[in-house]
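Step one of this worksheet: look at the structure below.
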Amino acid sequence: MAPPSCLLRVGWLPAALCALALALAPASDATSASLVGINYGRVGSNLPPPQAVLPLLEGLGIGRVRLYDADPAVLHAFAKTGVELFVGVPDQSLAGLADPGGADSWLRSNVMPFLPDTKIAALTVGNEVLTGNNSAVTRALLPAMQSLHGALAKLGLDKQIAVTTAHNLGVLGTSYPPSSGAFRRDLLPYICPILDYHARTGSPFLVNAYPYFAYSGDPKGIHLEYALLEAGYAGVPDPNSGLRYPNLLVAQVDAVYHAIAAANTAAARVVEVRISETGWPSSGDPGETAATPQNAARYNSNAMRLVAEGKGTPLKPTVAMRAYVFALFNENLKPGLASERNYGLFKPDGTPVYELSYKLPRDNSTFGGAGNSGWRFPGGGGGNVSGGYDNNGVNSGYYDISAASPDSAALTCR
């Protein structure tokens, strides 16, 4: 595929950046090798139109994108690009999707019109629902996932499009050391059937993992180099398993793996954990001293390198990590602390917030065609203030570093 033309976007996209995107355009064949993706949120009043993001993605070497809704303009913009999309299903839609008829109608309105030109690899149903404060949405989560999966199966698309949901790490009641990872007791009635669903459908368990929150909450107890994924850091041993954790991100992932194993041993054998969000803010309020451009550049460069190298975690060394960096743009309408508006790799005008020290390999990109999505199943515009997040638009992937407690240890589904 020819690289996207910059001619329609010269008024917005800096010429040098456009030239870089053209120079770095990958080969035409899409690939399933890409492990690094990026979150494209649009909670801003000054963001560029969706078609203008394509040169930025090509320049980064990223061909997988997570969206937070099914905006038609965005889905059309990615048509015939080869970019693989995780399409978000907003929380407010879940109640209606719990009914199979509602799921069928939603797919016919929001997915089918864009296939096959737009490559939709997965639907993420809600965002951090189980740690939200809406019990009705919590109850509707799994039924909505099941209905959407069933509707896709009727259309013959269940092997092509996965259905999953993204969790806040707050679903864990215990997460330190990783071997003591366990889900919150009050969430087990919801998580246990979700794990059964993942095991049955082959869909991944997604987590939003932010070492930034752990470090910010305990800067004296957590070394900055450990939180920033610095390769030279000696690591932290797990006293129970004997495994050494070189950085906090892999410790967070393994805490989830241990929680799954403690709750459902059958699911633990087949369910893969993937990182749906991870990032570091470049600016914040006066008290958010770790939110600097230097730290953000170090974290995101290290995260991209770690994932792109195809490495697993200490517990799952042969399972390559997959992760979506948060986020593509700074978003000026996100509520909360100032850091919430400063997770982007780019400013709304397309200039980098900071320079990354790591360049993704060419085979990380999926630009250019209808390649394999990489899923393994059993048997085989500008000023838009939507496209955002639930849970009030706040990244809340907090990592609880409290030690295991008798109340939370060894909680099981059966």
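Okay, here's what the table says:
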{"item": "Computed label-point distance, nm, for sites ALA268 and THR289 using a 7 Å Cα→Cβ extension", "result": "4.0"}
{"item": "Accessible area of the range 36-346 divided out per residue, in Å², using a probe of 1.4 angstrom", "result": "32"}
{"item": "Amide H contacts under 5 Å for PHE329, placed H, 5+ residues apart", "result": "GLY41, LEU345, PHE346"}
{"item": "3J(HN,Hα) from dihedral phi, the range 261-271, Karplus parametrisation 6.51/-1.76/1.60, rounded to Hz, x for glycine, proline", "result": "5, 5, 8, 8, 5, 5, 5, 4, 6, 10, 7"}
{"item": "Per-residue ³J(HN,Hα) for the range 128-142, Karplus 6.51 cos²θ - 1.76 cosθ + 1.60, θ = phi - 60°, Hz, x for Gly and Pro", "result": "6, 5, 5, 9, x, 10, 10, 5, 5, 5, 4, 5, 7, 4, 5"}
{"item": "Rounded percent of accessible protein surface that carbon and sulfur make up, the range 36-346, 1.4 Å probe", "result": "54"}
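The values are calculated or read from the model by the stated rules, or taken from the named source; none is laboratory data. Note that the structure is a prediction, hence the values are computed from the model and not measured. Backbone-built Cβ (ideal geometry, glycine too); neighbour counts: all protein chains shown. To get the accessible areas, we keep the full protein, side chains included, count just its heavy atoms, and leave off ligands, DNA and RNA. Shrake-Rupley method; radii C 1.70, N 1.55, O 1.52, S 1.80 Å.
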